[in-house]
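Novice: The structure under discussion is supplied below as structure tokens; questions concerning it will follow.
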Amino acid sequence: MIAELPNELAAVRSRRQVIKRQRRYRSRLDQFRAELVALRNAGATIGDLVAWLRTHRCRVAGSTVWRYLRKLPEMRRDDAKLSKP
């Protein structure tokens, strides 16, 4: 019984890895990614971005835009611009 424990532990860990993989959901902001990054780099505030998105029929909260931009790799290099106002 004790000799089988390492094998059982390996089996449990492999099953947990399969379960642990997270699915990537599409954000409604994905289609505006390039524009949001360009506007933010040009100095737009989160409120400006929310207003711009509403003109394009995308109604989201400012916290949603902020969290989305924070996760983008092209915005990680400039943490100063992502600080919440």
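Novice: Give me Tyr68, Tyr25 sorted ascending by neighbouring Cβ count inside 10 Å, so fewest comes first.
Specialist: The most exposed by this proxy come first: Tyr25, Tyr68.
Novice: Then there is this: In percent, how large is the relative contact order of the chain, given Cα pairs closer than 8 Å and 6 or more residues apart? Don't skip to the answer; put the middle values down first.
Specialist: Numbers: 32 pairs, mean separation 17.8, N = 85.
Relative contact order comes out at 21 percent.
Novice: Points 7 angstrom from Cα along the Cβ direction at Arg76 and Arg13: gap in nanometres?
Specialist: It is 2.6 nm.
Novice: Return, for the Cα atoms of the chain, the radius of gyration and Dmax in Å, separated by a comma.
Specialist: 20.5, 66
Novice: Right, another one. Can you compute the modelled spin-label distance between Leu5 and Asp48, with each label point 7 Å from Cα toward Cβ, in nm?
Specialist: Rounded to a tenth, the inter-label distance reads 6.2 nm.
Novice: Now a separate question. Okay, helix-only estimate at 222 nm for the chain: each DSSP H run of n ≥ 4 adds -39500 (n - 2.57), divide by all residues, round to 500 deg cm²/dmol; what do you get?
Specialist: -17000 deg cm²/dmol
Novice: Based on the mean of other Cβ atoms within 10 Å per residue, sort peptides 6-14, 45-53, 27-35 so the most packed one is first.
Specialist: The densest-packed peptide leads the list: 45-53, 27-35, 6-14.
None of the figures in this text is laboratory data; all of them are computed from the coordinates on show. Keep in mind it's a predicted model, so treat the numbers as computed, not measured. Cβ atoms come from the backbone with ideal geometry, glycine included; neighbour counts cover every protein chain shown.
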